[in-house]
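Enquirer: Okay, handing you the structure first.
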Amino acid sequence: MSDVVIKVENLGKKYTIRHQNGAGDGLRHKLHDVATAPFRWLRNQKSGFSNLTSDPRPLASEEFWALKDVSFEVKQGEVVGIIGRNGAGKSTLLKILSRITEPTEGRVGIKGRVASLLEVGTGFHPELTGRENIFLNGAVLGMSREEIKRKFDEIIAFAEVEKFLDTPVKRYSSGMYVRLAFAVAAHLEPEILIVDEVLAVGDAAFQKKSLGKMGEVAREGRTVLFVSHNMNAVESLCTPALLLDRGQLLAQSTDVRAVITHYLNGTSGNGSKLSSWTNENNAFNHPTLQPLYFAVVNEMHQPLTAPVRNDTPLFVVIRADVRQLDPALNVGFALFNQDAELLLWSLTTDGPEDQWPKLKLGVVECCCALPRRFLNEGSYRLELIASLHCRDWFIRPGHNSPVIHFAIQGGLSDSPYWHFVRPGILAPEWKWQTTA
Ligand SMILES: Nc1ncnc2c1ncn2[C@@H]1O[C@H](COP(=O)(O)OP(=O)(O)OP(=O)(O)O)[C@@H](O)[C@H]1O
Ligand SMILES: [Mg+2]
């Protein structure tokens, strides 16, 4: 019992969201105002009262639980991975543990000094220089000036921001900012280190370095709570993992792989795994490309609704709005099996250049035929990929990319021996012949 350093009991956080009655109607209402009484509308804009005077509808408020009935314990020295979809409540949980926000109900007990690296913008004072922020953060953590000085050189060497030490951090790029913030949080010897998504901002070299540092912090016996959409990082670093889903704790286990599998194979909002994805939220709105539709379909172009035989012709369809042409532009998918193992990537640019599908500006649909008699029985997950080769990622597997699922059952072979799942990950039917 004594080695429990964080105890969370029945934690809940409620937000009250205010919106105009008749949601989605706001723009139409405003346009109507401009058209029918343009001078009044203009006057209101100038006086800054446009919202108060031009929209007669009352404000409605809605209660929303970002976290509900969450209970767990963390032991000294554990590296806890917290995973879940966008909006699952991960950052809200970290903010409560870092005492940035208060819970609505439940209790949190924490033993030890906490350093947290939440989203860009917290922890540092924008007007202060990098140097001043290091001392400020150290002081907040209860360290003496001498202690901070001893750590100072290590921090700036890790963050690689020597040249900008005396520049106010508001002038830093987001990558520099996060590098320094991470270096401070990881080196100032907190007993508990809380890190939210830091890896999403840094470049590949920094990601590797910060993962290594978190491993080091953990080996020193400190406790780490780590939120990430990067499943490889969670699997390699974390001892237990927690899965949050719509504010609730869906799974927690020291079998991190099992929790990740649970998440990746998880059900969609309506309780079933979908084999098509449509960009309903207007997400991934990148200036070069925006994905619109991603699906596994049959010959009739219908997304699958049930498991299919291995010999069924299947196609992966990706529809996207191409906004800027670039020779390096590609789309594709990553294919995972039910144990969350990556089987392969397939991209539009895999073959010789003269055979790449021609992308043009506007809505483009790319289609890839999956080979028949290739996959074994089981369920599969596809994650969308879109990038400029070696230059820019728009949508990257393991980083909250759109996900679709399908399952193979039966039809593995016409051999009298193989009707059911075969040994091995794949079940290809290759040609055999005698040579003598
Ligand atoms: N201050 C706030 N007021 C109202 N709603 C909020 C507030 N902060 C968060 N929420 C809502 O609470 C829910 C949980 O948000 P949270 O930021 O914890 O999600 P998350 O799991 O960190 O997601 P992501 O993976 O996108 O970072 C979301 O629906 C979010 O819109
Ligand atoms: Mg978050």
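The values are calculated or read from the model by the stated rules, or taken from the named source; none is laboratory data. Since the model is a prediction, treat every value here as computed from it, not as a measurement. Ideal geometry is used to build each Cβ from the backbone, glycine not excepted, and the neighbour counts take in all protein chains shown. We work out accessible area using only protein heavy atoms, side chains counted, and drop any ligands, DNA or RNA first. Shrake-Rupley method; radii C 1.70, N 1.55, O 1.52, S 1.80 Å.
Enquirer: Full extension from residue 107 to residue 239: what is 0.36 nm times the residue separation minus their Cα-Cα distance, to one decimal in nm?
Expert: Length difference between fully extended and current span is 45.1 nm.
Enquirer: Quick one: accessible area per residue over the chain, 1.4 Å probe, rounded to a whole number of Å²?
Expert: For the chain, the per-residue accessible area is 54 Å².
Enquirer: Mind pulling up the Rg/Rh value for segment 65-264? Radius of gyration and Kirkwood radius, both on Cα.
Expert: My calculation of the ratio gives 0.96.
Enquirer: Report, to the nearest whole %, how much of the accessible area of the chain belongs to carbon and sulfur atoms, 1.4 Å probe, protein only.
Expert: About 53 percent, which is the carbon plus sulfur part of the accessible surface.
Enquirer: Among 189-197, 423-431, 256-264, how do they line up by average Cβ neighbours within 10 Å per residue, starting with the highest?
Expert: Descending mean neighbour count gives 189-197, 256-264, 423-431.
Enquirer: Further question on the same structure: Throw me the Rg/Rh for the chain, computed over C-alpha atoms with Kirkwood Rh, two decimals.
Expert: With Rh from the inverse mean 1/r over Cα pairs, Rg/Rh is 1.03.
Enquirer: Output the 0 to 90 degree angle, nearest 10, between the alpha-carbon long axis of helix 174-187 and the longest principal axis computed from the alpha carbons of the chain.
Expert: 70
Enquirer: Also, quick follow-up: Just to be sure I understand the model, the point goes 7 Å from the Cα along the line to the Cβ. What's the resulting residue 339 to residue 204 distance in nm?
Expert: Going by the 7 Å Cα→Cβ label model, 2.7 nm.
Enquirer: Also: To the nearest 20 debye, what charge dipole does the chain have about its Cα centre, counting +1 at the Cβ of each Lys and Arg and -1 at the Cβ of each Asp and Glu?
Expert: In debye, rounded to 20, the chain gives about 940.
Enquirer: Over 29 Å between C-alpha atoms is what I'm after, so list which of 14/170; 68/273; 95/273 land there.
Expert: Table pairs above 29 Å Cα-Cα are 14/170; 95/273.
Enquirer: Does anything in segment 71-85 have its amide N under 13 Å from the 7 Å Cα→Cβ label point of residue 10, and if so which residues?
Expert: Within reach of a label on residue 10: 71.
Enquirer: Using just the Cα positions, wrap segment 276-408 in a convex hull and report its mean projected area in square nanometres, one decimal place.
Expert: Computed as one quarter of the Cα hull surface, the answer is 8.1 nm².
Enquirer: Hey, what did the chain get for relative contact order, percent, Cα under 8 Å, at least 6 apart?
Expert: 13
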